[in-house]
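Everything on this sheet refers to the single structure shown next.
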Amino acid sequence: MRADLELSGRRRLTQSELNLILNAHERLVARMPGGKRAILRFTHLSGLDLSRRDLSGVDLSASVLEGCKLQGSKLDGANLFGCDLRRADMRGASLVDADMRGVVLRGATLSSVNLTRADLRPAVVTAPGAHRNRSGAESLRPSEADEADFGGAVLNDAQFSDVSAISADFTDAALRGVTLQGATLRGAKFAGAILVNADFTNADLDRADFEGAVLMNVTLTGAKTVATKMGGCLVDPTPDSVERSRVVHAALVEHDRWCRTDGREGSPAIIDGEDLRPLTTALTGLKLTAISARRTCFVGLKLSGAEMQGAKLDGADLRAADLRGADLRGIRLRGANLSKAVLRDAKLGPLPLRDRNSPADLSAARGRYLEALGADFTAAILDDADLRGADFTGATVDGASLKNVVTTQVVWGVSPTESGD
């Protein structure tokens, strides 16, 4: 154990004592009588259970929480300055705007955690009595996250400068606007991660794995990239695809007119294999019913409320696409990549046709860490889909076919009713 994390002088709490303090804190957060903010500085809480609690704004600075359970807890705006969270289980926790400078996360499990705008920069610590003025000599203590699991986590706009995260796992994580300047990331895994406007200036990326990641406007100035794997990455749109997008947009406008006039005007569009990212918000409001967009790139596009009933999107790349509230009844998404996509309140039930109902088909789709809260998957085909870490809270899956589905860490909210056994 590091000398600065010795347990001497730290108050050891029992689970019962901790529960009383946390109950009072939750009453404060809920604005109920008898509430009191939890001030737990320099406490020893190793192995205790703080899971599924609302700990917003709690002060745990310089405390030891080694091996603690924090699954699903809300720690937004919490003070975790200098905390020891080694091997802690923080799956699904929310740490938005948390102060985590100088934190130790070695071997911790942070899959699906929300670290938006969290601060993990080095902590400024003072050695008492080191100066003649007794104010102490200041030094920087970097945060440590070696071998931590950030699979599917959200680290948008987080500050990770100078963090040590050797062999850490960021697979399928969202890292938009994250700052990783000077970070030590040797052997770290970023496979399938979404890296947009990320800054790796002077970072150590030796032997890091970025296979299949999204790398858009990523800064690698001065970074060490010996034996770094970057095969199959999706990078910024090419000039040709930007130029091509004008032609594609014109075709989509004609498709929209075809939909709105019941086929009397316009013409159906076939945009198989196109890159739609240069269109940014230009798809908003267009009717895309029955469109053919196989193997098309929709990564990161805003498509909330889109009408794509009966569309053919087999093999399409919809990572981090926003499809909340979209009408996707009867859509074909066989083998499509929907990792980190947002399908909140989307409709993926059957599409009524003249002689039958056509179910939505997501067979063999990759939907890792998919957000599908309140979505309707009635009678949908999800056979052989990879739904690791997806959130189906409040979703309807009645009659859905779920054969050979990967459901590791899936949050169902309710037990799914499977058909086709």
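Tabulated values for the structure
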read-out: Sequence of Glu211, Glu26 once ranked by neighbouring C-beta atoms within 10 Å, starting from the fewest; value: Glu211, Glu26
read-out: Cα-based Kirkwood hydrodynamic radius, the stretch 237-421, one decimal, Å; value: 16.3
read-out: Cα→Cβ-extended label distance, 7 Å offset, between Thr281 and Arg27, nm; value: 4.6
read-out: Total lysine pairs under 17 Å (Cα atoms) in the chain, excluding pairs fewer than 8 apart on one chain; value: 10
read-out: Where labels lie 7 Å past Cα in the beta-carbon direction, separation of Thr219 and Arg295 in nm; value: 3.6
read-out: Computed E for Val124/Ser167 - FRET, C-beta separation, R0 35 angstrom, nearest 0.05; value: 0.85
read-out: Shape call, the stretch 44-103: gyration tensor on alpha carbons, a/c limit 1.5; value: oblate
read-out: The stretch 172-211 - Rg and Dmax from Cα coordinates, angstrom; value: 9.5, 23
read-out: Binned Cα-Cα distance frequencies in the chain - 10 Å width, integer %; value: 5, 20, 25, 23, 16, 7, 3, 1, 0
read-out: Amide H partners (placed H, <5 Å) of Ser94, local residues excluded; value: Ser73, Lys74, Leu75, Asn114
read-out: Backbone HN-Hα couplings from phi across the stretch 30-37 [Karplus 6.51/-1.76/1.60, Hz, Gly and Pro as x]; value: 7, 6, 9, x, x, x, 8, 5
read-out: Pairwise centroid distance, computed over Cα atoms, of the stretch 82-104 with the stretch 197-233, Å; value: 25
read-out: Distance between modelled label sites at Arg41 and Ser304, nm, 7 Å Cα→Cβ extension; value: 4.0
read-out: At R0 = 56 Å, FRET efficiency that the Cβ-Cβ distance of Arg52 and Asp240 yields, to 0.05; value: 0.65
read-out: Thr261/Thr393 FRET efficiency (R0 35 Å; Cβ-Cβ; nearest 0.05); value: 0.35
read-out: DSSP bridge orientation in the chain - percent antiparallel, rounded to nearest 5; value: 10
read-out: Beta bridges per DSSP with both ends in the stretch 237-421, % antiparallel, nearest 5; value: 10
read-out: Overall form of the stretch 1-114 per C-alpha gyration tensor (a/c, 1.5; a/b vs b/c); value: oblate
read-out: For Glu144, Glu17, order by how many other beta-carbon atoms lie within 10 Å, fewest first; value: Glu17, Glu144
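The numbers here are math on the coordinates, done by the rules we state, and not lab data. The model shown is predicted, which means the values in this text are computed figures rather than measured ones. All Cβ positions, glycine included, derive from the backbone under ideal geometry; neighbour counts span all protein chains shown.
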